[in-house]
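> Below: one structure in structure tokens.
The values are calculated or read from the model by the stated rules, or taken from the named source; none is laboratory data. Nothing here was measured: the structure is a model prediction, and the numbers come from that model. All Cβ positions, glycine included, derive from the backbone under ideal geometry; neighbour counts span all protein chains shown. Surface accessibility is based on the protein's heavy atoms, side chains included, excluding ligands, DNA and RNA. Shrake-Rupley method; radii C 1.70, N 1.55, O 1.52, S 1.80 Å.
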Amino acid sequence: MEPREQSLFAVEARHVARVALPVPIDEAFEYSVPETLELRAQPGCRVQVRFNERRLTGVIVARTDRAEFSGRLLPIEFVVDDEPVLSQSMLEVLTQAADEVLCPIGIALASALPAGSAPRMTVGYKITPRGRAALQTGAVGPEARGILQALTKTPRSLVQLKKLGDDTGLVSQLASDGLVAKTGVDRSASAKVTTIRIAAVSDGVDVESACETLLSRAPKQAALLRHLAQSKEVATSSLLADFPAASGLLARLEDRGLVRIESRKAPRDVLGTPLTRDQPVELTADQASCVKPIVEAIRERHAETFLLHGVTGSGKTEVYLRAVGEALALGRQALVLVPEITLTHQILARLRGRFGDELAVLHSGLRPGERLEQWERLRAGATPIAVGARSALFAPLENLGVIVMDEEHDSAYKNEEGFRYHARSLAARRAAAAGCPVILGSATPAVDTRFAADRGEIRRLVLGERVGGRPLPGVELVDLVRERDRSARGRRVILSVPMRRAITQTLEDGGQVILFLNRRGFSTTVLCYDCGSAERCQNCDISLVYHASEQRLRCHYCDYSISPPEKCSHCGAPDSALLGVGTERLEEEVRSLYPRARIARLDRDTAAKRGHTESVLRGLAERSVDILIGTQMVAKGHDFPGVRLVGVVAADVGLHLPDFRAAERTFQLLTQVAGRAGRDELPGRVIIQSFDPGHYAIAPVIDHDYERFYQEELGYRSALAYPPFGRVVRTLITGPDDEATNAGANEIASQVKAALGERASDLEFLGPAPAPLKRLRGRYRYQLLVKGSAGPSLRLASVELVAAAQRLLAPMQGSVDVDPVSML
């Protein structure tokens, strides 16, 4: 497809590049390649081009000698990279993945590159021929002359021009007079890599001879030169202690040709705590039987997917380490994925302990510059191991030997906006391209994954027992309805009597406690006693949550906040109550009951402080924390031998959400958090508080019985043709007006059914209907679900849904999610 703009400066296309741009059009755009850029403009390189009055950065996906467009093409203006940032293999993988989820290829490719690593464009001004003439004839005043003279050298941004003294809108006046014109101005990339300046004696210099002759009257320069001669290379910053004027001295020595100075990249340390060596342990019989087929697949370059189904504490991580070690021994690379940033600390420590510091970390918790440094280390081949969250799948590893995906069931592996890929699917594509196995590890595999294993699509490996024969923790269910009835006047119960007794006993025995509540904040709602209304967000269809630490009511979706009102905003009554319990309120309760205990809290609020998560987890590992209170951040993957009790304060949170995966997520979360207890020689204990302890997602947790839950869940899914017995495509339509958004959603449904014709009968259409969260961030939300088998009818419907959503008139917007993970 041709770019939607032609130009007087367009040239005939002798050589053409197809460029994927980050725009919502699923096409590559043709541009001509100037002779001066011929050698650099290669597939996989980023380029800057003109597109609809804008300059955009895109990626070349192909080169050709013949254009499909018959007119004159715009030229590529600038090649960003000296060599491709995306390999041909990665381009093919991303193209296939983007097609699978119906994402424009340019948006997919942009997602695969480090944010802020490409130059940005901003509005600026350039001098016009008329302005040059005015400058030569002296027809402008002194202030205007200064601006015009600055622009004769290069176009400048408005910010740069204001620094020249334009506080009175002089640039706007010059533009009105035709002396300057708007243009795009390059700005450097926002992600910066750190560099250090290195000084060394120039090759071939006789230091003593130079000091006695050239520097005979410059003793300070001579002293510095002799100092440099004692080392091959010295960081210039380290010279300041002995040579306070080092900067000037070095400049003069460089002018004399006696010293060379260069800048070198110096990646920041993102690995954190010091290295602790980890020695391989003797494998259990189960571990050895799991390692064997994985190692064979690595050696044979076989792209097989393994489901490593192991109970908590069964030694899955050791299997991962053996697989990574085998890949490295063969001179290949390894990619290790975890669902959340908090889990990188522990797996990172194990990998460093086994393989040293030659690894890179990639996740959103890093600053843009740090992330770019890690990405460039991988691209340069400086390290063979990449560790990170979902987006680490884009790591530039061209000789992959194994991909590990820990806690594969976690919903965080699905990207929910833009390029809506699932890490499981993308990992399989990368593995197929590289000829390497994928290991999907979990104690509670996703129903879809386990079903694929049952059908023989992937290979299931089982670790059925904890390492060393340690028993799984005993689980006790507490019925909160009965506890409430037993309490004085039926008051709300935060910690039941059995829970409090267990905490007290554990602390007296020297053990540690994790209390899990998947709801942050102090209370869930502020409710009026008179009218029953809750204080709600003005932008979203959701109640505000009270945060005691800041004494604010806050929305957890759009971050809108207010001070707690003195009276009800609905009826004006003065009395209100804090209902529900969040992690803040739980922390207050625990501190009042156990004043001598060392207590920490870990949720999204506290984790926002850089370094807090690692500090808390280190405290738990070093046993300087007695009780840890947290959300799902503490539920998965952690291994703390001192934890003897895990308490689940409210097991029902999330169980009854309008999402067909709600029961699955509840069972997984409870089983995972229960698995944090008893990972040392002493047995562990788990207490789960619930208003519905007989629910099929809660009752099997007593016996850690995945099979019981799995079979019952399959029955419900089969009856309603939900995955894995069918596929779902979700279309979400949003807009500022409720009625118009509803009408737009219904119009999309009508258009798609008409386009499908008789094929519409192959599918089930649910809705359009208000989304479970009907209003979010000031926009009304309606959804249309389409269910069907993975065949041509559903694919055609998906394509038509995308097309219909793109036809929506602003300010309405539509998005299509193929195989959605969240239905809210």
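> Name the shape class, rounded, prolate or oblate, that the alpha-carbon gyration tensor gives for the range 368-439, where a ≥ b ≥ c are the square roots of its eigenvalues, rounded holds for a/c under 1.5, and otherwise prolate holds if a/b is larger than b/c and oblate otherwise.
oblate
> What does the charge dipole of the range 23-105 about its Cα centre add up to, to the nearest 20 debye, if the Cβ of each Lys and Arg holds +1 and the Cβ of each Asp and Glu holds -1?
300 debye
> So, one more: If one computes P(r) from the Cα atoms of the range 43-146, what percent of pairs lie at distances over 23 Å?
Percentage above 23 Å: 47.
> Going by amide H atoms built from the backbone, whose H comes under 5 Å of the H on GLU476, apart from near neighbours?
Distant-sequence amide H within range of GLU476: VAL686, ILE687, ILE688.
> HN-Hα J couplings of the range 455-471 from phi, Karplus 6.51/-1.76/1.60, θ = phi - 60°, integer Hz, Gly and Pro as x?
Using θ = phi - 60°, the values come out as 8, x, 6, 9, 9, 9, 10, 10, 10, x, 9, 6, 4, x, x, 5, x Hz.
> With a sphere of radius 13 Å drawn around the Cβ of GLN538, what net charge do the other residues whose Cβ falls strictly inside it have (Lys, Arg +1; Asp, Glu -1)?
+2
> Is the shape of the range 172-314 best called rounded, prolate or oblate, per the rule: a/c under 1.5 gives rounded, else a/b larger than b/c gives prolate, else oblate, with a ≥ b ≥ c the square roots of the Cα gyration tensor eigenvalues?
Taking the square roots of the gyration eigenvalues as a ≥ b ≥ c, the range 172-314 is oblate.
> Another question, then. So what does log10 I(q)/I(0) come out to for the chain at q = 0.08, 0.11 Å⁻¹, using the Debye formula with one equal point on every Cα and no solvent?
For the requested q values the scattering log ratios are -0.89, -1.43.
> Separate question: In the full protein assembly as shown, how much of PHE765 is accessible to a 1.4 Å probe, in Å² to the nearest 10?
40 Å²
> Ok, one more. Separation of the range 343-390 and the range 634-664 by C-alpha centroid, Å?
Their Cα centres are 28 Å away from one another.
> Would you kindly derive the ³J(HN,Hα) couplings of the range 771-779 from the backbone phi angles with the Karplus curve 6.51 cos²θ - 1.76 cosθ + 1.60 (θ = phi - 60°), listing them in order in whole Hz, with x for Gly and Pro?
Each residue of the range 771-779 in turn: 5, x, 9, 5, 10, 9, 6, x, 10 Hz.
> Now for a different question. So which of LYS316/LYS787; LYS753/LYS774; LYS192/LYS414; LYS192/LYS220; LYS162/LYS609 end up more than 26 Å apart, counting from Cα to Cα?
LYS316/LYS787; LYS192/LYS414; LYS192/LYS220; LYS162/LYS609
> Quick one: net charge of ARG460's neighbours, Cβ under 10 Å, K/R +1, D/E -1?
Every neighbour counted, the sum reads +1.
> If you don't mind, there's one more thing I want to ask. Report, by chain and number, residues whose modeled amide H sits under 5 Å from the one on VAL728, excluding near sequence neighbours (fewer than 5 apart, same chain).
ASP819
> Which residues' amide hydrogens lie under 5 Å from the amide hydrogen of ILE458, considering only partners 5 or more residues apart or on another chain, with H built in the peptide plane?
Amide H to amide H, under 5 Å and 5 or more residues apart or across chains, ILE458 pairs with ALA453.
> Starting from 0.36 nm per residue, how many nanometres of slack lie between ASP738 and GLN806 once their C-alpha separation is accounted for?
22.6 nm
> Checking the cross-link filter: which aspartates and glutamates have an alpha carbon closer than 13 Å to that of LYS163, excluding same-chain neighbours under 8 positions apart?
Correct list for LYS163: GLU143.
> Which value at 222 nm does the chain reach when only helices count, each DSSP H run of 4 or more adding -39,500 (n - 2.57), with the total divided by all residues and rounded to the nearest 500 deg cm²/dmol?
-9500 deg cm²/dmol
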